[in-house]
Amino acid sequence: ERIAFSLQEPYTLSSRMDGDAFGILMRNLIENALKHSPAGSVVDIIGPASGEVRVINAGPVIAPEQLVGLSKPFARGASVAEGSGLGLAIATAIADGAGAGLKIISPASGRAEGFEVQLSLLDEASDKT
């Protein structure tokens with residue numbers, strides 16, 4: 001198995017984001033993580049808090065100056081994996097359009113290596129100001 005799910009209790013996920021858009025966003029994040037991680041490694045999908053999803057894969061640390069450009073269209077970094085470099089750009093565009101936060105970090109939280117994308121969704125209750 002290449003994907004591991006871990007949700008902390010109590011975990012809730014609510015947002016005004018369109019369900020299809022959320023599906024496309026998550027598919028892009030997961031496919032990207034699988035494509036750019038070492039063969040046989042596991043991609044972790046973690047729900048550490050209500051309204052947040054983290055997608056983490058193994059691999060070398062990516063320098064901060066490279067991380068900045070990875071959410072731009074056709075950005076490929078030092079990857080040799082096949083693809084056009086649109087996965088994170090699409091995910092970022094969807095998140096931005098829905099008012100969600102998308103943060104890219106490397107190394108992954110609590111690890112010495114890896115790549116992590118943190119998606120913070122806008123909870124409907126917190127949007128009533």
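Hey, can you tell me all the residues within the range 13-45 that are touching an Asp or Glu at 6+ places or on another chain (Cβ under 8 Å) and in a loop (DSSP other than H, G, I, E, B)?
SER14, SER15, ARG16, VAL42
From the set of residues in the range 1-39 that are among the polar types (S, T, N, Q) and over 12 Å from the mean Cα position of the chain (by Cα), which is farthest from THR92 (Cα to Cα)?
GLN8
Just checking, does the range 12-24 include any residue being open to solvent by less than 30 Å² (accessible area, probe 1.4 Å) and in contact with a strand residue (DSSP E or B) (Cβ under 9 Å, 6 or more places away or on another chain)?
No, because not a single residue in the range 12-24 is open to solvent by less than 30 Å² (accessible area, probe 1.4 Å) and in contact with a strand residue (DSSP E or B) (Cβ under 9 Å, 6 or more places away or on another chain).
Among (1) open to solvent by 30 Å² or more (accessible area, probe 1.4 Å); (2) modelled with pLDDT under 90; (3) not in a loop (DSSP other than H, G, I, E, B), where does SER84 come up short?
In the conditions (1) open to solvent by 30 Å² or more (accessible area, probe 1.4 Å); (2) modelled with pLDDT under 90; (3) not in a loop (DSSP other than H, G, I, E, B), SER84 misses (3) alone.
I'd like the residue in the range 63-79 that is within 15 Å of the chain's Cα centre (by Cα) and open to solvent by 40 Å² or more (accessible area, probe 1.4 Å) and, out of all such residues, is modelled with the highest pLDDT.
Of everything passing the filter in the range 63-79, VAL68 is modelled with the highest pLDDT.
The values are calculated or read from the model by the stated rules, or taken from the named source; none is laboratory data. Being a predicted model, the structure only gives us computed values, none of them experimental. Don't worry about glycine lacking a Cβ; one is built from the backbone with ideal geometry, like all the others, and counts go over all protein chains shown. Surface accessibility is based on the protein's heavy atoms, side chains included, excluding ligands, DNA and RNA. Shrake-Rupley method; radii C 1.70, N 1.55, O 1.52, S 1.80 Å.
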